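K.L.:
Handing you this structure, nothing more for now.
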Ligand code: GLC
C-alpha cells in the first residue's frame with residue numbers, strides 16, 4: 001500500500017534539520033489545522049516524484065567513497081583465504097543502486113529495486129531493512145550514511161504521530177520513510193510511516209530498538225562518541241526507553257505487543273510476547289546501557305534498565321527456553337495449580353503441545369519458543385529472535401550452543417536449499433485460517449509462514465562466529481551462492497526446503513543483498529562481530545533452566 005501523506009515533513013520544519021536539532025519539539029495537536037495541512041501537503045506531494053536512487057548514482061563518486069568499495073569487497077583480495085566470489089561485486093553494485101539521497105546526502109537504502117512489481121511501500125527506506133545495509137557500509141569504512149540515517153530518523157521521531165484521532169507515543173520511530181523531490185521548489189522532502197499507512201496499521205515496535213542497536217554499532221565501529229553524546233540523541237534514546245520501560249498492569253518483564261509489530265509485519269499469531277521483540281528489547285537495553293549518560297535524567301533510566309535486564313533475562317531463560325528436558329517437564333505438567341509453589345506457573349495444558357514439537361525437538365539442541373503467556377505457549381521456532389538472543393547474550397553460553405546444535409540437527413528444516421527459514425513449522429488449513437485471517441500472502445511455507453529469507457544469513461553468520469562455529473555459516477553461504485544472484489536477489493523463497501522463489505517476492509531486495517555482504521565480511525574479518533554482539537554480563541543473573549522448582553528472584 002503506498003504511503004498516505006498523513007505525516008509529511010513541512011518545508012519550513014525541514015530547513016532546520018541540518019543543524020543539531022536543538023529545538024526539536026513535538027508539534028502541538030491541532031486537529032483542524034492538521035487536516036488542512038495534510039490536505040495541502042497531499043496536494044503538494046502529488047506533483048512530486050519519488051527520488052530514484054539510481055538517478056543519483058553518479059553522485060556516488062564522492063570523496064566519502066573509499067577506493068576499496070569500487071573493487072568489490074574491501075580487503076577481500078589481501079588476506080582472505082577465499083577468492084572473492086563474483087557475487088560480491090554484483091552485490092555491492094546493487095547495494096549502491098539502492099541508496100536514497102536527501103538533499104544530496106545518502107540517508108538510507110530503498111527496500112527493493114524491482115521495477116517489474118508494483119512498488120507498494122518497497123520504495124521506502126525501512127528502519128529494520130536498513131540495518132544490514134548499515135552494517136555493510138560500516139564494515140566497508142563508510143560510516144557517513146549511517147550517521148545521516150541515525151540523525152534523519154531521529155528527526156522523524158520528533159514528528160507528531162497520529163492514527164485517526166489517536167496520538168502515538170513520542171518515542172515511536174518510523175517503520176519507514178521516503179524522499180520525494182519537489183521539482184518546482186527544487187528540494188527534497190520526507191514522508192514517514194509510523195504504522196498509519198502500513199498494512200494492518202501496526203506501529204513498528206522494533207524500529208526504536210534497531211535504531212539504538214545501530215547507534216552502538218556506529219560508535220563501536222568509528223569510535224565517534226560525540227554522536228551518542230549529543231543531547232538530542234540522548235533524548236531520542238530516553239523517549240524510546242520511556243515507551244518500553246513504562247509500568248502498567250504487566251506481571252511479566254517481557255514487552256506486550258500487537259501482531260505484526262516487527263519483521264513479521266502481518267497477522268501471524270505472534271501477538272503477546274513475541275521472541276523477536278523480546279530479544280531485540282534485551283539487546284537494545286544493553287546497548288542503551290552503555291550509551292546513556294547519567295546527566296539529564298539518564299541515571300534514572302540506567303537504574304531502570306539494570307532492573308529490567310535482570311528480570312527479563314531470568315524470565316526468558318527460564319520460561320521461553322525449550323529443550324528435550326523442558327519439553328518433557330511440560331508434557332508432565334499438572335494444571336490448575338495455585339499459589340507461589342506452582343510448578344506450571346502459566347497453567348499450560350500439556351494437550352496444547354502440538355505433535356510436531358515431539359518430532360522436531362532433538363536430544364541435542366534447544367531454542368527459545370515464539371511466545372509465552374497465560375495458558376499459551378507458541379512452540380514455533382523463529383530465526384531472528386533466537387539469533388539475536390545469542391548476539392545479545394540473552395542466551396547463556398549453554399543455550400547459545402544448544403541453538404547452534406539445533407541448526408545442525410534440523411538442517412533440512414531450518415536451512416534446506418536456501419537459508420534461512422523465518423519460522424518453523426508452517427500454519428496450515430484451519431489453523432492458517434484462524435491465525436492469519438486467511439492471508440493469501442502467508443499461505444503454507446510461504447513468506448512469513450515458513451518461508452526462507454536470505455537476509456537472515458547475516459544473523460546466522462554472526463551467531464556462528466560468536467559460538468565459535470563458523471563452518472555452519474560457510475555451509476549456508478555456499479548454498480546461497482548457488483542461487484541468490486542468478487535469481488536476482490529475491491526477498492524470500494517458498495516451499496518446505498526453500499526451493500522456489502517466493503510467490504510475491506520482490507527481486508533486488510536490498511536486505512537480501514546487504515545480508516549476504518555482511519556475512520561475507522564478518523567471516524573474512526570476525527572482529528566485525530563486536531559491532532553487533534555483547535558478551536555475557538556477569539551481573540545479569542544466571543537463573544536455573546528448569547521449571548521443576550519454584551524460584552524467586
Ligand atoms: C515486508 C517484511 C518487512 C520488511 C518490508 C520491507 O513487509 O515483512 O519485514 O521490512 O517487507 O522489505
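Every number here is computed from the coordinates shown, using simple stated rules; none is lab data. Here the structure is a predicted model, which means the values were calculated and not measured. Quick reminder, even Gly has a Cβ in these numbers, built from the backbone with ideal geometry, and neighbours come from all protein chains shown.
K.L.:
Sketch the reach of a paramagnetic label on residue 471 as a point 7 Å from Cα along Cα-to-Cβ, and name the residues of the stretch 407-423 whose backbone nitrogen lies under 14 Å away.
P.N.:
Taking a point 7 Å out along Cα→Cβ of residue 471, the residues of the stretch 407-423 whose backbone N falls under 14 Å are 408-409.
K.L.:
How large is Rg over Rh for the stretch 341-432, taking Rg from the Cα atoms and Rh as the Kirkwood inverse mean of 1/r across Cα pairs?
P.N.:
Rounded to two decimals, Rg over Rh is 0.98.
K.L.:
Let me ask something else. Could you let me know the centre-to-centre spacing of the stretch 401-475 and the stretch 188-234, using Cα atoms, in angstrom?
P.N.:
26 Å
K.L.:
Given points 7 Å out from each Cα along the Cα-Cβ axis, report the residue 538 to residue 93 separation in nanometres with one decimal.
P.N.:
Distance between the two pseudo-spin positions: 5.2 nm.
K.L.:
Say R0 is 35 Å: what FRET efficiency, to the nearest 0.05, do residue 334 and residue 412 get from their beta-carbon distance?
P.N.:
Efficiency for this residue pair is about 0.45.
K.L.:
If you don't mind, there's one more thing I want to ask. For the stretch 113-165, what is the largest minus smallest coordinate of the Cα atoms on each principal axis, given in angstrom and ordered from greatest to least?
P.N.:
44, 35, 13
K.L.:
According to the square roots a ≥ b ≥ c of the eigenvalues of the Cα gyration tensor, what is the shape class of the stretch 407-553, taking rounded for a/c under 1.5, prolate for a/b larger than b/c otherwise, and oblate for the remainder?
P.N.:
Verdict is oblate for the stretch 407-553.
K.L.:
Return the FRET efficiency for the residue pair residue 352, residue 525: r is the Cβ-Cβ distance, R0 is 30 Å, and the value is rounded to the nearest 0.05.
P.N.:
Taking R0 as 30 Å, the efficiency between residue 352 and residue 525 is 0.05.
K.L.:
In nm, give the distance between the simple-model label positions of residue 431 and residue 118, each being 7 Å from the Cα along the Cα-to-Cβ direction.
P.N.:
3.1 nm
K.L.:
Where does each of 92, 432, 511 land when they are ranked from fewest to most other beta-carbon atoms within 10 angstrom?
P.N.:
Ascending number of Cβ neighbours within 10 Å: 432, 92, 511.
K.L.:
Continuing with the same structure: Taking neighbour counts of Cβ atoms within 10 Å as a proxy for exposure, in what order, fewest first, do 85, 430 appear?
P.N.:
By the 10 Å Cβ count, ascending: 430, 85.
K.L.:
Further question on the same structure: Among 346, 360, 137, what is the fewest-to-most ranking by other Cβ atoms within 10 Å?
P.N.:
Arranged by neighbour count, lowest to highest, 346, 360, 137 become 346, 360, 137.
K.L.:
Take the alpha carbon atoms of the stretch 502-526, find their center, do the same for the stretch 330-395, and report the distance between the two centers in whole angstrom.
P.N.:
If we compute the Cα centre of each part, the gap is 31 Å.
K.L.:
Starting from the Cα-Cα distance between residue 160 and residue 364, subtract it from 0.36 nm times their residue separation and give me the gain in nm to one decimal.
P.N.:
The residue 160-residue 364 span can extend by a further 68.4 nm.
K.L.:
Right, next: Please give the length that would be gained between residue 290 and residue 229 if that part of the chain were fully extended, namely 0.36 nm times their separation in residues minus their C-alpha to C-alpha distance (nm, one decimal).
P.N.:
Contour length minus the Cα-Cα distance gives 20.8 nm.
K.L.:
Based on the Kirkwood radius over alpha-carbon pairs, what value in µm²/s does the Stokes-Einstein equation return for the translational diffusion coefficient of the stretch 398-454 at 10 °C and 1.306 mPa s?
P.N.:
131 µm²/s
K.L.:
I would also like to ask the following. Binning every alpha carbon pair distance of the stretch 86-531 at 10 Å from zero, what are the percents per bin?
P.N.:
Reading the bins upward from 0: 4, 21, 33, 27, 11, 2, 0, 0.
K.L.:
Quick one: grab the alpha carbon gyration tensor of the stretch 115-243, order the square roots of its eigenvalues as a ≥ b ≥ c, and give me rounded if a/c is under 1.5, else prolate or oblate depending on whether a/b is larger than b/c.
P.N.:
Verdict is oblate for the stretch 115-243.
K.L.:
Expressed as a whole percent, how much of the Cα-Cα distance distribution for the stretch 170-282 exceeds 20 Å?
P.N.:
Considering the stretch 170-282, 52 percent of its Cα-Cα pairs are separated by more than 20 Å.
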